[in-house]
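Inspection log for the structure reproduced underneath, given as structure tokens.
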Amino acid sequence: MSKVSIIGAGFVGSTIAHWAMISGGCQVVLVDVVDGLAQGKVLDLIQAGPIAGHSIDAVGTTDYAETANSDLVIITAGVARKPGMTREDLVGINAKIVSDVVQQVTPRSPNATLLIMTNPLDTMTYLAYKLSGFPRERVVGQAGVLDGGRMRTFIAMESGVNPENIHTTVLGGHGDEMVPLVRYSTIAGLPLSYFLSPEQIDRIVARTRDGGAEIVRYLKTGSAYYAPGAAACKMAQAIIQDAHQIYPASVYLQGEYGLEDICFGVPVVLGRGGVQRILELELNDEERAALMRSADLIRSTMAHLKL
Ligand code: APR
């Protein structure tokens, strides 16, 4: 059975643990710096088992020794944004937290794949890649699965078609300049324009970009966790089940899409050992320019890192 450590037992971390219980097939270690938080959440989760008909082999702890020899480490530790904040505003405080976490987990699990959830996502993935010394295949950030899920939801709302029929592609950084690629998004294989007017498509693109902030404005004290948790769970399953599934993920680029020395959301094949292949889509000038704007925003955030 694969061992999955989830670092951070807040909203995102505990939601991932819940999804892990429902999905089954892995042993979970939930870690938080706050004494009692991970222990309490795991006890609650275990007690949900007999009621809901699931079971989970899980430990909640403050002690990183429990994470030893994990196959997958999911990093959610960090602060979430509040209304009016961008993900980029979190860089200072979360860089310190992610650095601490990477230094704790990587010597104990030298063969693990790291799945980063902490924002600003692409910059934190870059930091984890640099500090871990792991090959780039084993450090991935979750963004496009969530953003693509949001876009599917909004397309379903506007078109009236079941979201299961909807395929979306959202690339680039997990920030306001993310790139929902309309040309690579379809409804049952048909172009979006078959079902939607240009105005509807523009509205969907804008709402996808603003999807996280829309929820922050409602919640006021934190950010989304159900859909981010579901997205992490999908990527985790692909990795531990060696599923060879294609998902967008933030990975360290070495010339792909004309970009170097940056973690950026691109389509990848995910399986055991993390990224098995990076897919390069053919882009038109407008799409390429949008990706470059997104990369510029990430680079301006990365400038705050002290490596
Ligand atoms: N080690 C372990 N846990 C830590 C550490 C650390 N060094 N520092 C902070 N934490 C824990 C906090 O104690 C808290 O329980 O991380 C948890 C974060 O949980 P929340 O505050 O509920 O935040 P959450 O909504 O889960 O978001 C976490 O994911 O989506 C991103 O932008 C979001 O960066 C944020 C992260």
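The values are calculated or read from the model by the stated rules, or taken from the named source; none is laboratory data. All of these numbers come straight from a predicted model, not from anything done at the bench. No Cβ is skipped: glycine too gets one built from the backbone with ideal geometry, and neighbour counts run over all protein chains shown. These area figures cover heavy atoms from the full protein model, side chains too; ligands, DNA and RNA do not enter into them. Shrake-Rupley method; radii C 1.70, N 1.55, O 1.52, S 1.80 Å.
The table below gives the values:
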{"quantity": "Positions within the stretch 15-37 being on the phi < 0 side of the Ramachandran plot, within 13 Å of the ligand (Cβ to nearest atom) and free of Cβ contacts under 8 Å to residues at least 60 places away in the same chain, in sequence order", "calculated": "Ala17, Val29, Leu30, Val31, Asp32, Val33, Val34, Asp35, Leu37"}
{"quantity": "Qualifying residue in the stretch 146-161 (condition: part of a loop (DSSP other than H, G, I, E, B), assigned by TED's automatic domain parsing to the domain that holds Ile239 and of a type outside the set (Ser, Thr, Tyr))", "calculated": "yes"}
{"quantity": "Subset of the stretch 77-102 [within 10 Å of the ligand (Cβ to nearest atom) and open to solvent by 20 Å² or more (accessible area, probe 1.4 Å)]", "calculated": "Gly78, Val79, Ala80, Met85, Ile93, Lys96, Ile97, Ser99, Asp100"}
{"quantity": "Near pairs, Cβ below 6 angstrom, 6+ apart or cross-chain, from the stretch 129-147 (under 16 Å from Ile298 (Cα atoms) and modelled with pLDDT of 95 or more) to any residue that is β-branched (Val, Ile, Thr) and assigned to a helix (DSSP H, G or I)", "calculated": "Gly141/Thr125"}
{"quantity": "Matching residues in the stretch 17-66 - criterion: being over 23 Å from the mean Cα position of the chain (by Cα), among the small types (Gly, Ala, Ser) and closer than 26 Å to Val102 by Cα", "calculated": "Gly36, Gly40, Ala65"}
{"quantity": "Among the residues listed as Thr123, Thr113, Thr118, Thr153, the single one being modelled with pLDDT of 95 or more, open to solvent by 10 Å² or more (accessible area, probe 1.4 Å) and β-branched (Val, Ile, Thr)", "calculated": "Thr153"}
{"quantity": "Single match in Asp202, Asp147 (criterion: acidic (Asp, Glu), open to solvent by less than 20 Å² (accessible area, probe 1.4 Å), out of contact with any Pro (no Cβ under 6 Å at 6 or more places or on another chain) and under 30 Å from Gly84 (Cα atoms))", "calculated": "Asp147"}
{"quantity": "Flag if Gly189 is within 16 Å of the ligand (Cβ to nearest atom) and small (Gly, Ala, Ser)", "calculated": "no"}
